[in-house]
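Read through the structure below, which is laid out as structure tokens, and then see the notes.
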Amino acid sequence: ASETSLNADIEDGVRRRDFINIAAVSFAGVGAATVVLPLVNQMNPSADVLALSSTEIDISAIQPGQAIKTSWRKQPVFVRNLVPAEIEAAKKVPLSDLRDPQTIDERTKPGKENWLITLGVCTHLGCVPLGAAEGEPRGDFGGYFCPCHGSHYDTAARIRKGPAPKNLEVPPYDFTSDTVVTIG
Ligand code: FES
């Protein structure tokens, strides 16, 4: 390289370094508060934050055969009161027929297998399946039907047909009483 272009390179390098230094200083000043603090909060959630993230649902009005749509952490959640025939239908399916093999017992609580609680988020691309509201189609297997690309879930919300790879997810939950479920 000629001497002139070498000098130009050096000057360029100095300017670049100055820019990087200025950027680093403004990040430290302004960025630290806005970026680092939320991260720390996320890593150490206080008891208050955890309590806020759970949702209590009164299930006393959900009749056998009905489902409702509620939400938890901004995601839709389906709470369904299965009738005995729906539980039986789910029990009859051999696990070898299932894409994501799980028994209905693994997806419900002992002694409460009529309560099916799942996220209302299709495991294909995240649409909200139909079937929780009165009159909505429940698909070929009587559970939920995703209208986006035609995934059919059975009465244990297990994927049976269509592109979705997994069953509707069961969130963490517990029965606080016979009529209240706490999700989260
Ligand atoms: Fe449900 Fe594609 S998002 S089938």
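The values are calculated or read from the model by the stated rules, or taken from the named source; none is laboratory data. These numbers come from a predicted model, not from an experiment. Neighbour counts run over all protein chains shown; Cβ positions are idealised from the backbone, glycine included. In case anyone asks, the SASA skips ligands and DNA or RNA and just uses the protein heavy atoms, side chains included. Shrake-Rupley method; radii C 1.70, N 1.55, O 1.52, S 1.80 Å.
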Please indicate, with yes or no, whether at least one residue in the range 148-157 is among the hydrophobic types (A, V, I, L, M, F, W, C), assigned to a loop (DSSP other than H, G, I, E, B), touching a Leu at 6+ places or on another chain (Cβ under 6 Å) and within 16 Å of the ligand (Cβ to nearest atom).
-> yes
Of the residues that make up the range 116-126, is at least one of a type outside the set (S, T, N, Q) and away from the ligand (no atom under 16 Å from the Cβ)?
-> yes
For Ile117: the one exception among (1) of a type outside the set (Gly, Ala, Ser); (2) in contact with a Gly (Cβ under 9 Å, 6 or more places away or on another chain); (3) in contact (Cβ under 8 Å) with a residue 24 or more places away in the chain | (2)
Kindly list the number of the only condition in (1) part of a strand (DSSP E or B); (2) open to solvent by 40 Å² or more (accessible area, probe 1.4 Å); (3) within 14 Å of the ligand (Cβ to nearest atom) that fails for Pro165.
-> (1)
For the range 169-178, does any single residue satisfy the condition of being of a type in the set (Val, Ile, Thr), closer than 25 Å to Ser60 by Cα, at pLDDT 95 or above and outside any loop (DSSP other than H, G, I, E, B)?
-> no
Can you name the residue in the range 102-146 that is part of a strand (DSSP E or B) and open to solvent by 40 Å² or more (accessible area, probe 1.4 Å) and, of all such residues, is nearest to Glu88 (Cα to Cα)?
-> Lys112
Please enumerate the residues belonging to the range 89-101 that are closer than 28 Å to Thr176 by Cβ and either within 16 Å of the ligand (Cβ to nearest atom) or surrounded by fewer than 17 Cβ atoms within 10 Å (Cβ to Cβ) (or both).
-> Lys91
For Thr182, are the conditions met, namely being more than 22 Å from Glu88 (Cα to Cα), of a type in the set (S, T, N, Q), under 17 Å from the mean Cα position of the chain (by Cα) and more than 16 Å from the ligand (Cβ to nearest atom)?
-> yes
